[in-house]
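Below: the structure, in structure tokens.
The values are calculated or read from the model by the stated rules, or taken from the named source; none is laboratory data. All values reported here derive from a predicted model rather than from experimental measurement. No Cβ is skipped: glycine too gets one built from the backbone with ideal geometry, and neighbour counts run over all protein chains shown. Note: accessible area is taken over every heavy atom of the protein model, side chains too, but ligands, DNA and RNA are not part of it. Shrake-Rupley method; radii C 1.70, N 1.55, O 1.52, S 1.80 Å.
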Amino acid sequence: MVQTSQAEPVAVSDGKGAISEGKKAERKLGWLLCAPAALVMIAVTGWPILYALWLSFQRFDLKYPDQREFVGLDNYLTVLGNGYWWSAFWVTVLVTAVSVAIEFALGMGLALIMHRALVGRGLVRTVSLIPYGIVTVVAAFSWRYAWTPDTGYLANAITPDGAPLTEHASALAIVIVAEIWKTTPFMALLLMAGLALVPDDLLKAAAMDGAGPWQRFVKVMLPMMKPAILVALLFRTLDAFRVFDNIVVLTSGAQDTSSVSVLAYNNLIKGLNLGIGSTMSVLIFIAVALIAWIFVKLFGAAAPGSDDKGRR
Amino acid sequence: MLGRGCDQQLGGPTVRVRRTRRAAVLGASLVCASVLTACVPASGANTVNLYSAPEENLQQNVDRCNAQAGGRYQIVYHKLPRDADGQREQMVRRLAAGDTGMDILYLDVTWTGEFAEANWIREWTGENKADAARGTLQGPLETATWQGKLYAAPKNTNVQLLWYRKDLVPEPPKTWAEMISTAQRLKQEGKPHWISFTGAQYEGLYVHFNTLVQSAGGQLISDDGKRAVVDASAVQALQALRDLGTAGVTSASMNNAKEDDARQEFETGQSAFEVNWPFVYPSMQEKKPDLARNVGWARLPGLLPGVPSKSTIGGANYAISSYSTKPDLAFDAAKCLRSPENQKFSAIKDGVPPTIESVYSDPEVAAEYPMRDTILEALKDPGVRSVTPAAQNVSTVLSNMLSPIAEIDPQRTADRMRTEVQNALDSKGVMP
């Protein structure tokens, strides 16, 4: 669908000036073929988003079905003027920023190792992907037990006198560690794909010119890998901003460790307050869209699969 | 094919019923797969669907009722998730969608107001109401009442007791302060001294807080469930909780402990006291018989000297879904499930305290429940959490402000509570 705007200049550039009949029919067929998929997409993603937007303008609590009314932007004022929301928002930002930064560093290291591994390359790659293959909730449970005094080896070894999951700072740190452990392999995988883009000749030439390993990494590899890096960072940032399962399992949001997603879930599903909950969902949607926009517009991340021309 | 399967279910012996039901379900799923119609798996006109928390021996009550009904109704027991939040969420989602597949609902005592106000459950009237109230203890009955109308029949109740080590303290402490100072003395003497307490940020913390507030003669929410009261007794209760949090007599994991964690902690032998429901008793008997011999029980310590505590009631009630297509059968089935005979069976087999007073004096119950007199005493002078549609929100807001208990600032926390509880009651504001 997106490609129509880009298809125009291509059509023009083959010198005919106008689109031929055959081309027109072909394009029409193309639209017809993808229409069912597009309609399904609109039905399953577009409609819920619009419905959530509609709900966010109402006072609508399932517990008080008779008191449903249109309240305009009241819910937005309530949520944006609320301490719990901002506490959750900053927790989310912190978890996102710290975990993505560390994941990037670790993922890059892992990618370099996997790329250069001489012995057992297949084994190294498989083993490093294991954390990503484990269901997050299952992994989170094992982290929770590990950090619970008496049953947990980590809690007993590192903080014999405390219960780290019951304090704000240490609980957040544990959430971040769990996130990093889980998704570093994913980051490494994307970065490794980027590493494959760097031609060996270029590195050899740089070495001939006297560039050391660090210079080769910063001056040759990183610029070549930029599209892959930005895609990896974009994906992970969006993912991390929606952090939910790790927090629910590890702390259930106690000690002010709720993320915005956990808060939205609590208000929507537990509290049955469709108005407030939908408002939060819409705000999260806006935040996620904003992050994606910043990456695409300011840093020039490309959508995966599109070539350089696709970027603007 | 479906119809025949169901007919056979009525009369046939158990084994055959099983087989035909499986065949019917299989058949039904084939029909569903081939034709795109709304399909309900193998249920006859007299099937009553019971949605209840997992209880090990509940099926036997169901079977007994089905046998007694002689084909008039056939209860099918569907298990809800194990945790209360999961149970409520499943039922609420389906009810909000007007699901007709649920007939009898198992409601935690705090959900009555919410389900009634949302028009999800039917009122109990006339003969049904009289039946549900006959011989039922007043406290549990109140938990099933919303705005003067009965919306459920009490199935089982629960009160917390104080469990203490008779070999360490000859007499149970009468007040909260006494319990803490005794524990501190035991600590100095190098003896087991923990007070096992469920301090995690969840419903359980609200239960403790409500017990303390009502023990101090106060109230959190007005009787009509519309106004946050949070009076001076709340400040006292907050002080008591903070004192426990800062006394140095609780385990490190107290702030993350729920009922079962507290039970396990007590069973390690490092605790002198435990505030918990009676389910800890059979477990102790089975796993730590040596310890169990030395364990005594008492009503929870009070807050004011000379005034007995008011232990907050737990437990569950049976309600009938508004969307049920066979309410008459459902009411009858629910009455059967909570009959004195079945309550007695559940008390003995599953350890859940009955709501009908006469059951306590049954010799078989007496044997399984050596603490029955203490339970009954606490049940007759109970602390009841105010029935309100916003119970879940109130609980979430309160437990958030109560955790961790060591960081409570009594006066300030109480002031905040008044606003936030009021907001929760008005379904304004944000749940943490």
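Would you confirm whether or not region A:140-151 contains a residue that is of a type in the set (A, V, I, L, M), under 30 Å from A:Leu195 (Cβ atoms) and either modelled with pLDDT under 90 or within 23 Å of the chain's Cα centre (by Cα) (or both)?
no
May I ask you to list the residues in region B:246-272 that are in contact with a helix residue (DSSP H, G or I) (Cβ under 6 Å, 6 or more places away or on another chain) and closer than 21 Å to B:Arg372 by Cα?
Once the filter is applied, which keeps residues that are in contact with a helix residue (DSSP H, G or I) (Cβ under 6 Å, 6 or more places away or on another chain) and closer than 21 Å to B:Arg372 by Cα, region B:246-272 yields only B:Arg263.
Suppose the filter is closer than 26 Å to B:Trp120 by Cβ and more than 12 Å from every other protein chain (Cβ to nearest Cβ); does A:Ser56 pass it? Before you say what the answer is, go through the steps one by one.
Values: closer than 26 Å to B:Trp120 by Cβ: yes; more than 12 Å from every other protein chain (Cβ to nearest Cβ): yes.
For A:Ser56, the condition - closer than 26 Å to B:Trp120 by Cβ and more than 12 Å from every other protein chain (Cβ to nearest Cβ) - is met.
Return only the number of the condition from (1) more than 14 Å from chain A (Cβ to nearest Cβ); (2) under 21 Å from B:Glu265 (Cα atoms); (3) touching a Ser or Thr at 6+ places or on another chain (Cβ under 8 Å) that B:Leu241 does not satisfy.
The single condition B:Leu241 does not satisfy is (3).
For region A:221-241, enumerate the residues that are within 8 Å of the chain's Cα centre (by Cα) and of a type in the set (Gly, Ala, Ser).
A:Ala240, the sole residue that qualifies.
Do we find that B:Tyr164 is within 26 Å of the chain's Cα centre (by Cα), part of a helix (DSSP H, G or I), crowded, with 20+ Cβ neighbours inside 10 Å and not hydrophobic (A, V, I, L, M, F, W, C) in this structure? Lay out the reasoning, then the answer.
Values: within 26 Å of the chain's Cα centre (by Cα): yes; part of a helix (DSSP H, G or I): no; crowded, with 20+ Cβ neighbours inside 10 Å: yes; not hydrophobic (A, V, I, L, M, F, W, C): yes.
The answer is no for B:Tyr164.
Within region B:293-321, track down each residue that is small (Gly, Ala, Ser) and open to solvent by less than 10 Å² (accessible area, probe 1.4 Å). Walk me through how you get there before you give the answer.
Applying the first criterion (small (Gly, Ala, Ser)) to region B:293-321 yields B:296, B:298, B:302, B:306, B:309, B:311, B:314-316, B:319, B:321.
Correct list: B:Gly296, B:Gly302, B:Ser309, B:Ser311, B:Gly314, B:Ala316, B:Ala319, B:Ser321.
Checking the conditions here, which among A:Trp181, A:Trp143 is of a type outside the set (Ser, Thr, Tyr), within 14 Å of another protein chain (Cβ to nearest Cβ) and either buried (at least 21 other Cβ atoms within 10 Å of the Cβ) or touching a Pro at 6+ places or on another chain (Cβ under 6 Å) (or both)? Steps first, answer last, please.
Numbers: A:Trp181 fails: within 14 Å of another protein chain (Cβ to nearest Cβ).
Unique residue meeting the criteria: A:Trp143.
Have a look at A:Leu50, A:Leu94, A:Leu62, A:Leu73 and point out the one that is in contact (Cβ under 8 Å) with a residue 24 or more places away in the chain, closer than 20 Å to A:Ala287 by Cβ and of a type outside the set (S, T, N, Q).
Sole residue among the options that is in contact (Cβ under 8 Å) with a residue 24 or more places away in the chain, closer than 20 Å to A:Ala287 by Cβ and of a type outside the set (S, T, N, Q): A:Leu94.
Just to be sure I understand, how many residues within region B:73-99 are surrounded by 14 or more Cβ atoms within 10 Å (Cβ to Cβ), out of contact with any Gly (no Cβ under 8 Å at 6 or more places or on another chain) and basic (Lys, Arg)?
Counting residues in region B:73-99 that are surrounded by 14 or more Cβ atoms within 10 Å (Cβ to Cβ), out of contact with any Gly (no Cβ under 8 Å at 6 or more places or on another chain) and basic (Lys, Arg) gives 2.
From the set of residues in region A:59-70 that are touching a Ser or Thr at 6+ places or on another chain (Cβ under 9 Å) and either open to solvent by less than 80 Å² (accessible area, probe 1.4 Å) or of a type in the set (Val, Ile, Thr) (or both), which is farthest from the other protein chains (Cβ to nearest Cβ)?
Kept after step one, since they are touching a Ser or Thr at 6+ places or on another chain (Cβ under 9 Å), are these residues of region A:59-70: A:59-61, A:63-64, A:67.
Subsequent filtering for residues that are either open to solvent by less than 80 Å² (accessible area, probe 1.4 Å) or of a type in the set (Val, Ile, Thr) (or both) retains A:59-61, A:63-64.
Numbers: A:Arg59: 8, A:Phe60: 9, A:Asp61: 4, A:Lys63: 4, A:Tyr64: 6 Å.
Filtering region A:59-70 for residues that are touching a Ser or Thr at 6+ places or on another chain (Cβ under 9 Å) and either open to solvent by less than 80 Å² (accessible area, probe 1.4 Å) or of a type in the set (Val, Ile, Thr) (or both), the one farthest from the other protein chains (Cβ to nearest Cβ) comes out as A:Phe60.
Restricting attention to region B:341-369, report how many residues are farther than 18 Å from B:Thr136 by Cβ and open to solvent by 50 Å² or more (accessible area, probe 1.4 Å).
Residues that pass the stated criteria total 5.
Which is more than 30 Å from A:Gly271 (Cα to Cα), at pLDDT below 90, out of contact with any helix residue (DSSP H, G or I) (no Cβ under 9 Å at 6 or more places or on another chain) and of a type in the set (D, E, K, R), of B:Arg22, B:Arg82?
Values: B:Arg82 fails: more than 30 Å from A:Gly271 (Cα to Cα).
Just a single option satisfies the conditions, and that option is B:Arg22.
For region A:238-255, name all the residues that are open to solvent by less than 20 Å² (accessible area, probe 1.4 Å) and away from chain B (no Cβ under 14 Å). Give the steps one after another, and end with the answer.
Taking region A:238-255 and keeping what is open to solvent by less than 20 Å² (accessible area, probe 1.4 Å), we get A:240-241, A:243, A:246-247, A:249-251, A:253-255.
Within region A:238-255, A:Ala240, A:Phe241, A:Val243, A:Asn246 qualify.
For residues in region A:71-100 being touching a Lys or Arg at 6+ places or on another chain (Cβ under 9 Å) and more than 8 Å from every other protein chain (Cβ to nearest Cβ), which is nearest to A:Phe244 (Cα to Cα)? Full working, then the answer.
Quick first cut of region A:71-100, residues touching a Lys or Arg at 6+ places or on another chain (Cβ under 9 Å) only: A:71, A:74-75, A:78, A:92, A:96, A:99-100.
Restricting the remaining residues to those that are more than 8 Å from every other protein chain (Cβ to nearest Cβ) gives A:71, A:74-75, A:92, A:96, A:99-100.
Values: A:Val71: 29, A:Asp74: 26, A:Asn75: 23, A:Thr92: 10, A:Thr96: 12, A:Ser99: 14, A:Val100: 15 Å.
Here the answer is A:Thr92.
Every residue, every condition in (1) open to solvent by less than 90 Å² (accessible area, probe 1.4 Å); (2) β-branched (Val, Ile, Thr); (3) away from chain B (no Cβ under 14 Å), yes or no:
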| residue | (1), (2), (3) |
| --- | --- |
| A:Val124 | yes, yes, yes |
| A:Val127 | yes, yes, yes |
| A:Ala139 | yes, no, yes |
| A:Thr148 | yes, yes, no |
| A:Asn156 | yes, no, no |
| A:Ala163 | yes, no, no |
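Starting from residues that are surrounded by 18 or more Cβ atoms within 10 Å (Cβ to Cβ) and not in a helix (DSSP H, G or I), keep the ones in region B:248-269 and report whichever is farthest from the other protein chains (Cβ to nearest Cβ).
It comes out as B:Val249.
Pull up region A:265-281, narrow it to residues that are open to solvent by less than 10 Å² (accessible area, probe 1.4 Å) and in a helix (DSSP H, G or I), then point me to the one that is farthest from the other protein chains (Cβ to nearest Cβ).
Result: A:Ser278.
Restricting the search to region B:294-308, which residues are within 15 Å of B:Pro170 (Cβ to Cβ) and more than 22 Å from the chain's Cα centre (by Cα)? Break it down into steps so the answer makes sense when it comes.
Taking region B:294-308 and keeping what is within 15 Å of B:Pro170 (Cβ to Cβ), we get B:294-298.
Matches in region B:294-308: B:Asn294, B:Val295, B:Gly296.
Does region B:100-140 hold any residues that are surrounded by fewer than 19 Cβ atoms within 10 Å (Cβ to Cβ), assigned to a helix (DSSP H, G or I) and of a type outside the set (D, E, K, R), and which are they? Walk me through it before giving the result.
Kept after step one, since they are surrounded by fewer than 19 Cβ atoms within 10 Å (Cβ to Cβ), are these residues of region B:100-140: B:100-101, B:119, B:123, B:125-127, B:129-131, B:133-135, B:138.
Restricting the remaining residues to those that are assigned to a helix (DSSP H, G or I) gives B:126-127, B:129-131, B:133, B:138.
Listed by number, the residues that qualify are B:Gly126, B:Ala130, B:Ala133, B:Gln138.
Got at least one residue in region B:315-337 being of a type in the set (D, E, K, R), more than 30 Å from A:Leu62 (Cβ to Cβ) and in contact (Cβ under 8 Å) with a residue 12 or more places away in the chain?
The answer is no; no qualifying residue exists.
Can you find a residue in region B:333-340 that is open to solvent by 10 Å² or more (accessible area, probe 1.4 Å), touching a helix residue (DSSP H, G or I) at 6+ places or on another chain (Cβ under 6 Å), farther than 25 Å from B:Phe197 by Cα and of a type outside the set (A, V, I, L, M, F, W, C)?
Yes, region B:333-340 contains a residue that is open to solvent by 10 Å² or more (accessible area, probe 1.4 Å), touching a helix residue (DSSP H, G or I) at 6+ places or on another chain (Cβ under 6 Å), farther than 25 Å from B:Phe197 by Cα and of a type outside the set (A, V, I, L, M, F, W, C).
For residues that are crowded, with 23+ Cβ neighbours inside 10 Å, away from chain B (no Cβ under 13 Å) and of a type outside the set (Gly, Ala, Ser), tally how many sit in region A:165-178.
Of the residues in region A:165-178, 1 are crowded, with 23+ Cβ neighbours inside 10 Å, away from chain B (no Cβ under 13 Å) and of a type outside the set (Gly, Ala, Ser).
So which residues in region B:167-219 are open to solvent by 30 Å² or more (accessible area, probe 1.4 Å), within 14 Å of chain A (Cβ to nearest Cβ), of a type outside the set (Asp, Glu) and outside any loop (DSSP other than H, G, I, E, B), if there are any at all?
B:Trp194
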